[in-house]
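Comments concern the structure below.
Readers should treat all values here as calculations from the given coordinates under stated rules, not as data from a laboratory. Computed from a prediction, not measured in an experiment: that's the story for all the values here. Please note: Cβ atoms are built from the backbone with ideal geometry, for glycine as well, and neighbour counts cover all protein chains shown.
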Amino acid sequence: MSERVLKNFNKAQIQKPTKPSTNFKIKEKKMIKAQPIDASTPKIILNGITYDYFCGCGYHDLQDSVELRQAVSESLKDKPFKHGSSSYGYGSNPVQKKFTTTASQYFKTETVLTFPSGYMGSTILLRALKEKYDKIFVDEQSHYSMKDALELSKKPVVQFSHLNFSDLLQKIKNHLKPQERPLIASDGVFPMSGAIAPIPDYLETIKNIEGAIICIDDSHGTGVLGKNGRGTYEYFGLNHPNLYYCGTMSKAFGSHGGIIPCTQTFFNEVNKSSYILKGATKIPMPTLAASIKAMEILMSTPTLLKNLWANAIYFKKGFKNLGFDIELSPSAMLCLSSFSNINLKKLFNFYKENHILPRYSHEGSYTSVPKGGGIKFTIFSNHSTSQYDRVLALTKEFLKKNL
């Protein structure tokens, strides 16, 4: 991968994580199979056994925080659960307006588009931009939501090798005809590997092509990367009129729904062209209230982002020191791929036997799963150093016995 991926990460933030915040405690729930427990660090009860939790995408553990649940409760006091119409029908409501104001402040944009699921974001973008591009060049490991969007776009599609801007350049030379305008499509951060797309290199590749645009699904970068948690473009310090992206409130924000930060002009264009925005019922108000509170928390508590980045580097350095090929980036995922003669499924079972719960995926079971499969650890801003140290000690023990 290009070294540019790490160029804008502040090395001063690579330090031992501080003690996790205790402001986001998880209360016990009655569930049949799995439930979080009352703790300041991510844990879960699965079939009666307590595990250190390294799954999911709740990067700040906000999905069951007291503050978000209180915001949901307040939103229901004097308002209906939802208005049974789309934005195309009778416009907005006070909670939606407050969300738009808060989200615009968070992303530092004129406005934002919202829709029921982040999965719809790429479809909305590609439809809205359809008159501005002629051919799509897409990273071969892009998320399913992007692949569905490509099919619905009805435009010619060319795949390029994963994260490979040299192959992108070659594919453009081979397949883009004179006067055609390309759209480069990719995830911002890939959901299994945690790899960050080398967007500056893509920009360099298309800088001399008039009308070329880049469109990314930044669901795993939003609320994680960049000085203010605005995502992959902010991480790289990019601000260009031909850069578009969509995100989600269901991961770092601990809520639900899709979002496209944008200009007012683009907002108006999308509202005219998008069947989804015309036809889909709006996000329920309690969900929007949770998203508002999550953004307020992240804006007022910058230590959450700093802790997340420090945790990511600390944990990844530990695995790198054990011999694993790990990229030292601030993305909130760590993926162990095939290593020497180690059986990854056996390693996963070893973790689970010792009450550590990451996620194992076999090759081809999900986007960006490495060849030979992988074990994914999700990194949280409120994981403790001792949780990481325990995983690393167990890994070292396993390697000593099985190499």
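Could you give the length gained by full extension between Asp389 and Lys154, i.e. 0.36 nm per residue of separation minus their alpha carbon distance, to one decimal place? Kindly include the intermediate steps, with their values, before the conclusion.
Details: separation 235, 0.36 × 235 = 84.60 nm, distance 4.93 nm.
This chain segment gains 79.7 nm when fully extended.
Quote the convex hull volume per residue of the range 78-300, based on C-alpha atoms, as a whole number of Å³.
That works out to 111 Å³ per residue.
Given the Cα-Cα distance of Asn174 and Leu322 and 0.36 nm per residue of separation, how much length would full extension add, in nm?
Here the segment from Asn174 to Leu322 would lengthen by 49.1 nm.
Among Tyr244, Gly221, Phe99, whose Cα lies farthest out toward the positive end of the dipole of the range 78-300, if unit charges sit on the beta carbon of Lys, Arg (+1) and Asp, Glu (-1)?
Phe99
Quick one: dipole size for the chain, taken about the Cα centre, charges +1 on Lys/Arg Cβ and -1 on Asp/Glu Cβ, in debye to the nearest 20. Don't jump to the answer; show the numbers that get you there.
Details: 51 positive and 33 negative charges, 118 e Å.
Dipole about the Cα centre, nearest 20: 560 debye.
Run down the aspartates and glutamates and flag those whose C-alpha is under 16 Å from the C-alpha of Lys147, throwing out any fewer than 8 positions away in its chain.
Cα-Cα hits under 16 Å: Asp139, Asp187, Asp217, Asp218.
At what distance in angstrom do the alpha carbon centres of the range 141-184 and the range 103-125 lie from each other?
23
Taking Cα pairs under 8 Å and at least six residues apart, what relative contact order does the chain come out at, in percent? Kindly include the intermediate steps, with their values, before the conclusion.
Numbers: 811 pairs, mean separation 100.3, N = 403.
Relative contact order comes out at 25 percent.
For Glu269 paired with Cys55, estimate the spin-label separation in nm (one decimal), with each label point 7 Å from Cα along the Cα-to-Cβ line.
Result: 4.2 nm between the two label points.
What whole-number value in cubic angstrom gives the convex hull volume per residue for the C-alpha atoms of the range 343-393? Don't skip to the end; give the middle numbers.
Values: hull volume 4.4 nm³, N = 51.
It is 85 Å³ per residue.
Antiparallel DSSP bridges in the chain: what percent, to the nearest 5? Working shown, then result.
Working: 22 of 41 bridges.
Rounded to the nearest five, the antiparallel share is 55 percent.
Hey, for a label at Lys401 modelled as a point 7 Å past Cα toward Cβ, could you say which residues of the range 316-345 have their backbone N under 14 Å away?
Residues 343 fall inside that zone.
In which sequence would Ile313, Ile209, Ile196 go, from the one with the fewest C-beta neighbours within 10 Å to the one with the most? Please report the intermediate quantities before stating the final value.
Details: Ile313 22, Ile209 14, Ile196 27.
Exposure proxy ranking, most exposed first: Ile209, Ile313, Ile196.
Short version: what are the Cα gyration tensor semi-axes of the range 157-275, square root of 5 times each eigenvalue, largest first, in whole Å? Could the numbers behind the result be given before it?
On the way: eigenvalues 121, 69, 33 Å².
Value: 25, 19, 13 Å, ordered largest first.
What number in nm² do you get for the chain if you take the convex hull of its Cα atoms and divide its surface by four? Could you put the intermediate results ahead of the total?
Details: hull surface 78.6 nm².
One quarter of the hull surface, i.e. the mean projection, equals 19.7 nm².
Relative contact order of the range 78-300, please, whole-number percent, based on alpha carbon pairs below 8 angstrom and at least 6 residues apart.
Values: 414 pairs, mean separation 70.3, N = 223.
Relative contact order here is 32 percent.
For each pair in Lys108/Lys132; Lys345/Lys400; Lys345/Lys376; Lys132/Lys207; Lys346/Lys400; Lys320/Lys401, compute the distance between the two Cα atoms and list the pairs where it is over 23 Å.
Exceeds cut-off: Lys108/Lys132.
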